Amino acid sequence: MTSLPMLPAILVDMAGSFIIIVLSFLSLRYAWLLIRRQPENFLWGFLFYFCLTLGCFSVSRALGHLLKQILLIFGYTEQWHVLAPYTGGFNTLLMTSLAAVTIYYHKGIEGYQAIQKKADSLRIANEQLEVSADKLLKLNENLEKIVENRTQKLSESEKKFRNFFTNSKDMVYFCDATTRIGTMNPAGFEMLGYSMQQAPQLGLQDIFYNPEDLEKYTEALTTMGFVQDLEVEFVRAEGTVIYVLLSATAIFDENQKFSGCEGIAKDLTRVRTMMKQLASSEKMASVGQMAAGVAHEVNTPLGVILGYAQLMMDDFSPESEEGQNLEVIERQAKACRKIVADLLKFSRQSESARENILLNEILEDVLAVTEHSLNMDHIKVSRDFDEDLPIIVGDPEKLRQVFVNLVNNARHAMEEQGGGKLFLSCHYEKERDQVTATIRDTGHGIPKKVMAQIFDPFFTTKSVGKGTGLGLSVSYGIIKEHGGVIEVESPVQTADGELKGTALHVKLPVPPLESAIVIKDNHREP
Amino acid sequence: MNVQKRLHRIFPFLLFLLLTMFPGSAWAVQSHGAPEGLYVHQFAHIFYTAALCYLFWGIRHAVFKSKGWRYLQIFCFFMILWNVVAFTGHALDALAGSVTFSSDTGYLGTRILGPFTSLKFWYYFTKLDHLFSIPALFFLYLGMKTLYRNTMEEKEV
């Protein structure tokens, strides 16, 4: 090879210059897009200025080269020699600037990294703060929810126990260490007859009828810590006594010192009365049965004695000693037969009529008969009869006998004190569909110890010769026969709050309308 | 970091030292002869090469590891090569007296006449410096494009 053509180098130079111009502009375009997209990013700023300077340098150089090649191709060598120092100098200037821009890159990077680091740490701190805030918020929300749930449950529980306390039909109470009742439910106040305003002054000593019971109650609480099913008597505000079943638990403070008690008391008065009535009823039934047996057995020989006595009386003149003796026998035999007849009435073995009766009329009849003797004993009679009483069915004679007995008993109770008041009332109780006649006196009342015996045959508190002790027994039997009851209340609380006298309540059922017809059929009960 | 700082500090001093090593005539107003332009240009090449090396090294040690930055490193590499070639080319231009040309058929028909030495071949080779500068600019273009696309993707995410 003797020579080497420069044409490839010339062509490469021209084509390369053109390509470099294109690539410089493309690079600058992307650098411009970058800086537009993220103007705050320092790196893109650096790259933009770098590309700009490089572009200037490349364009300057490439144009210089193209100019050179064109001038030389067309033979303008002299012109090129004039221009060459300028393009060269300019290129040198731009290349130096490019180097300077590049050198300062590092400082910018350092600054950028420092800012980036700070920004990152701030971002992390912010994220942590957000996480913490989120946790705190959730915790707060949960806490609120928990508190809300607990409050709701507490409220429901409180409501439940409050309802139980308020609506309980039994007395529920709380006492302090001095047995003063601090809190008591409405049923308790109702049971004891006190008002809510009296609660602060109320102590257990005020409601226990027997101080020994209170002592027993307190001792059990302090020693055992509880009292279970203790049967005691409470005294109501107006003085009447009620029977209660008491259960209580002691409350001790943190030092195990007795600080009070909480208890429940159930009123058993009604149950107890019913049980007594049941026992009494059973007793009376057995006594009646026995009385009926005795009466039947005595009635026959008594009839024989009376018969023979009357036969013999025909054989002797009444003035003779024998005749007078036989009269005594006849009189006493008749007295015995009356007693036997009363016994049979008590045991409901006697004949009974069944008629429609107005109880007011019966009571008026009885008062008409007894009023004279009542006046004699300075007893004032007070009537309180309902006008529209329903008709009852029964034996008017026997009922008259009942009320005569009761009025006589009242009169006897008041005659010792030289008079008194007799209250007769008659009312219809629609709820129980019964007519109640009450005979109340202001006498000495019935002692508690004999209360259970007053209906027993031959039981009397009157002196010998004044009564047989069959009056109340017979009355009891007659009322039982009519399907009713006799209730005794003694002593009775008067309108002025005094406890005095006795009241007997005769309660007779009102028959259904279809059976309340005018009948007069006599019949004997089996 | 310390090395960078030191280089940064001593660079103006070195430049100053380099310029003052060959003072020429110590006149108040120094006259500048023709070779001075060439020297300045060559210094600029050196300065630019140093700046590119520094950029290459900076990218390598920075936290930026994405593809776009790697393209920029390749740009630096090719541009450094171009600087070396260009620097050599300018140096050989100064020695072009030993290279003989024939331009009997015009500028486009210019030929380098033999006998051929390595100097002539190197001379010829340095005239093809675009073979380095074009790839360098191409990778710069790729780098910028990739970085831009990355930012687009980040935005979409």
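Every number here is computed from the coordinates shown, using simple stated rules; none is lab data. Bear in mind that the values here come from a model prediction, so they are computed numbers and not experimental data. No Cβ is skipped: glycine too gets one built from the backbone with ideal geometry, and neighbour counts run over all protein chains shown.
Which whole-number percent is the relative contact order of chain B (Cα, under 8 Å, 6+ apart)? Worked out over chain B, it gives 26 percent. Bridgeable aspartates and glutamates around B:LYS5 (alpha carbons under 18 Å apart, same-chain partners fewer than 8 residues away excluded): A:GLU110.
The C-alpha atoms of chain A define a longest principal axis, and helix A:269-315 lies at about 10 degrees to it.
Legend: mean number of C-beta atoms from other chains within 10 angstrom of residue C-beta atoms, peptide A:37-50, equals 2.
Neighbour counts of C-beta atoms inside 10 Å place B:SER118, A:SER259, A:SER27 in the sequence B:SER118, A:SER259, A:SER27, starting with the fewest. For chain A, the longest principal axis of the Cα atoms and the long axis of helix A:359-376 meet at an angle of about 60 degrees. Helical runs assigned H by DSSP (4 residues or longer) give chain A a calculated mean residue ellipticity at 222 nm of -20500 deg cm²/dmol, each run adding -39500 (n - 2.57) before division by the residue total.
Dipole orientation for the protein assembly as shown: of the candidates B:TYR148, A:ALA309, A:LEU122, B:TYR148 has the Cα lying most toward the positive pole (charges on Cβ; Lys, Arg +1; Asp, Glu -1).
Using the Cα gyration tensor of region A:7-140, with a ≥ b ≥ c the square roots of its eigenvalues, what is the shape: rounded (a/c below 1.5), prolate (a/b larger than b/c) or oblate (neither)? Prolate. In terms of surrounding Cβ atoms within a 10 Å radius of their Cβ, A:CYS336, A:CYS426, A:CYS51 rank from fewest to most as A:CYS336, A:CYS426, A:CYS51. When a/c reaches 1.5 or more, the comparison of a/b and b/c decides; with that in mind, is region A:371-435 rounded, prolate or oblate per its Cα gyration tensor? Verdict is prolate for region A:371-435. Using the alpha-carbon centroid of each, what span in Å lies between region A:432-478 and region A:197-265? Spelled out, the Cα-based centre of one part sits 37 Å from the other. Evaluating kT/(6 pi eta Rh) at 10 °C and 1.306 mPa s, with the Kirkwood radius of region A:273-346 over Cα pairs in the Stokes-Einstein relation, gives 112 µm² s⁻¹. Run a plain Debye calculation on the protein assembly as shown (Cα atoms as equal point scatterers, no solvent) and give log10 I(q)/I(0) at q = 0.08 Å⁻¹, rounded to two decimals, same order as the q list. Treating every Cα as an identical point scatterer, log10 I(q)/I(0) equals -0.85.
In order along region B:79-87, the Karplus-derived 3J(HN,Hα) couplings, from 6.51 cos²θ - 1.76 cosθ + 1.60 at θ = phi - 60°, round to 5, 5, 4, 4, 4, 4, 5, 5, 4 Hz, and Gly and Pro are given as x. Distance between the C-alpha centres of region B:4-23 and region A:82-103: 20 Å, rounded to the whole angstrom. Adding -39500 (n - 2.57) for every DSSP H run of four residues or longer, then dividing by how many residues chain B holds, sets the calculated 222 nm ellipticity at -25000 deg cm²/dmol. A Cα-only calculation for region A:29-104 places Rg and Dmax at 16.3, 52 Å. The spacing between region A:148-163 and region A:1-71, judged by their C-alpha centroids, is 85 Å. For region A:355-441, applying the loop criterion from DSSP together with a ceiling of 16 other beta carbons within 10 Å to the GluC sites (Glu not before Pro) yields A:GLU387, A:GLU416, A:GLU431. Cross-link reach is defined here as a Cα-Cα straight distance under 24 Å, omitting same-chain residues fewer than 8 places apart; for A:LYS421 the lysines meeting it are A:LYS380, A:LYS448, A:LYS462, A:LYS466, A:LYS500, A:LYS507. In straight-distance terms, cross-link reach from A:LYS68 covers every one of the aspartates and glutamates whose alpha-carbon lies under 15 Å from its own, apart from those fewer than eight places away in the same chain; here that gives A:ASP13, A:GLU78. In sequence order, region B:144-153 has phi-based couplings of 5, 5, 5, 4, 5, 5, 4, 5, 5, 5 Hz under the Karplus curve 6.51 cos²θ - 1.76 cosθ + 1.60, θ = phi - 60°, and Gly or Pro positions carry x. Taking H placed 1.01 Å from N in the peptide plane, check which residues at least 5 places from A:LEU499 or on another chain put their amide H under 5 Å from its amide H. For A:LEU499, whose amide H was placed from the backbone, the distant partners under 5 Å are A:THR494.
Ordered by the number of other Cβ atoms lying within 10 Å of each residue's own Cβ, fewest first, A:MET224, B:MET144 fall into the sequence A:MET224, B:MET144.
Axis angle, to the nearest 10 degrees, between helix B:34-61 and the longest C-alpha principal axis of chain B: 20 degrees. Take each residue of peptide B:125-132, count the partner chain Cβ atoms within 10 Å of its Cβ, and average: the result is 4. For region A:165-238, GluC sites (Glu not before Pro) are listed when DSSP marks them as loop and at most 12 other Cβ atoms sit within 10 Å of their Cβ; the list is A:GLU238. First check a/c for chain B, with a ≥ b ≥ c the square roots of the eigenvalues of its C-alpha gyration tensor; if it is under 1.5, answer rounded, and if not, answer prolate when a/b is larger than b/c or oblate otherwise. Because a/c hits 1.5 or more and a/b fails to exceed b/c, chain B counts as oblate.
3J(HN,Hα) couplings calculated from phi for region A:37-52 with the Karplus curve 6.51 cos²θ - 1.76 cosθ + 1.60 (θ = phi - 60°) are, in sequence order, 5, 10, x, 7, 7, 4, 4, 5, x, 4, 4, 5, 5, 4, 5, 5 Hz; Gly and Pro show x. With contacts taken as Cα pairs under 8 Å and at least 6 residues apart, chain A reaches a relative contact order of 8 percent.
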